[in-house]
Amino acid sequence: MDDQNITDIDMKGAPVCGRCFMLVARYAPQVVAPTGTYHRECYEAWYFGHHGKRPRLLQGTNGDRHRYQIRDVAA
Ligand SMILES: [Zn+2]
């Protein structure tokens, strides 16, 4: 069995991208998904690889314009 647990990374508030495992800068374009936070580019690349189309993202408003939420979450 390949039991490769991801180390519990706690970076004091800065989330780690669920795809490339690099820190997501506070004001970097990012996608907030139920499964975690991703760089927007990372999420789009992952989504496109899986679904063959770009994800529909909802851009945040006001001070959260760099944060996107997923519009069509697969139920
Ligand atoms: Zn990333």
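The set of residues from segment 50-75 being of a type outside the set (D, E, K, R) and more than 16 Å from the ligand (Cβ to nearest atom) comprises His51, Gly52, Leu58, Gln59, Gly60, Thr61, Asn62, Gly63, Gln69, Val73, Ala74, Ala75. Can you confirm whether segment 14-23 contains a residue that is farther than 16 Å from Arg71 by Cβ, within 14 Å of the ligand (Cβ to nearest atom) and not in a loop (DSSP other than H, G, I, E, B)? Yes, there is a match, as at least one residue in segment 14-23 is farther than 16 Å from Arg71 by Cβ, within 14 Å of the ligand (Cβ to nearest atom) and not in a loop (DSSP other than H, G, I, E, B). Please determine, by comparing only the residues of segment 33-49 that are modelled with pLDDT of 95 or more and of a type outside the set (Phe, Trp, Tyr), which one is farthest from the ligand (Cβ to nearest atom). The residue in question is Gly49.
The values are calculated or read from the model by the stated rules, or taken from the named source; none is laboratory data. Predicted model only: the values in this text are computed from it and were never measured. Note that each Cβ is placed from the backbone with ideal geometry, even for glycine, and that neighbours are counted across all protein chains shown.
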